[in-house]
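*Asks:* This is the structure, below, for whatever I ask next.
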Amino acid sequence: MWDELDLTASWMKVDLMVPLLARTDTRLPNPQLAATGITADFPLPWHLTLTGGYLFADLPQRSDKVHLPLIALSKAFRGRRFTITDRNRFEELIGYPTSPVRYRNRLMVDRSFGVHDGWHLFVDDEIFFNLSNDSWNQNRFQAGGGARLNRRLFLDFYYLQRNPSGGAPTTRVLGTTLRVMLTPK
């Protein structure tokens with residue numbers, strides 16, 4: 001299971017998020033990963049969003065503690081009840097062997113349903129390029145859906161398939177994300 005709790009708030013026009021993540025595997029000692037941090041989304045003209053942030057990840061099975069500064073630029077296209085988002089993210093994994101710098105590109109399609117768009121379905125595909133050694137090293141495909149539980153709570157369920165390069169095994173997981181809005185929009 002890949003479980004996540006996102007605490008979100010807005011201040012002025014900036015959207016802040018504190019993610020709390022845990023990755024577990026029924027076949028291995030747990031947790032596989034525990035992470036938290038903060039990101040800030042700054043709206044720009046032309047449906048662009050600039051994201052800056054810092055994440056900290058503990059990989060207890062590897063004895064690695066990873067500091068992950070990140071920056072991303074996203075473009076959103078909206079039409080009817082569809083949103084298509086193209087996110088381009090750069091990050092460095094400080095504390096991971098060789099501290100790689102990665103580029104991640106995620107294309108996502110989200111479709112809302114119901115009264116007040118209370119439900120949604122989504123699908124995305126994200127590719128990872130390791131800039132430190134010029135190689136594509138991972139692909140993540142995700143599909144799921146979710147619902148607004150009340151004016152402050154949103155719950156998503158998803159299936160994720162991670163295909164790493166280099167002969168590492170494919171990972172297939174079910175995950176949940178609970179988003180808590182501390183300042184409702």
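The values are calculated or read from the model by the stated rules, or taken from the named source; none is laboratory data. Everything numeric in this text was worked out from a predicted model, so none of it was measured. Cβ atoms come from the backbone with ideal geometry, glycine included; neighbour counts cover every protein chain shown.
*Asks:* For segment 147-179, how many residues meet the condition of being part of a strand (DSSP E or B) and either surrounded by fewer than 12 Cβ atoms within 10 Å (Cβ to Cβ) or small (Gly, Ala, Ser) (or both)?
*Replies:* 3
*Asks:* Please count how many residues of segment 66-124 are over 25 Å from Ala34 (Cβ atoms), charged (D, E, K, R) and surrounded by 15 or more Cβ atoms within 10 Å (Cβ to Cβ).
*Replies:* 2
*Asks:* Does any residue of segment 52-61 turn out to be loosely packed, with under 15 Cβ neighbours inside 10 Å, of a type in the set (Gly, Ala, Ser) and modelled with pLDDT of 95 or more?
*Replies:* There is at least one residue in segment 52-61 that is loosely packed, with under 15 Cβ neighbours inside 10 Å, of a type in the set (Gly, Ala, Ser) and modelled with pLDDT of 95 or more.
*Asks:* Also, quick follow-up: Regarding segment 125-145, can at least one residue be identified that is surrounded by fewer than 16 Cβ atoms within 10 Å (Cβ to Cβ), of a type in the set (Gly, Ala, Ser) and without any contact (Cβ under 8 Å) to a residue 24 or more places away in the chain?
*Replies:* yes
*Asks:* Follow-up. If we scan segment 96-119, do we find a residue that is among the hydrophobic types (A, V, I, L, M, F, W, C), in a strand (DSSP E or B), more than 19 Å from the chain's Cα centre (by Cα) and modelled with pLDDT under 95?
*Replies:* Yes, segment 96-119 has at least one match.
*Asks:* How about segment 1-80: which strands (runs of 3 or more DSSP E) wholly inside it have at least 2 residues that are without any contact (Cβ under 8 Å) to a residue 40 or more places away in the chain?
*Replies:* By residue number, 14-23, 33-44, 48-59, 64-79.
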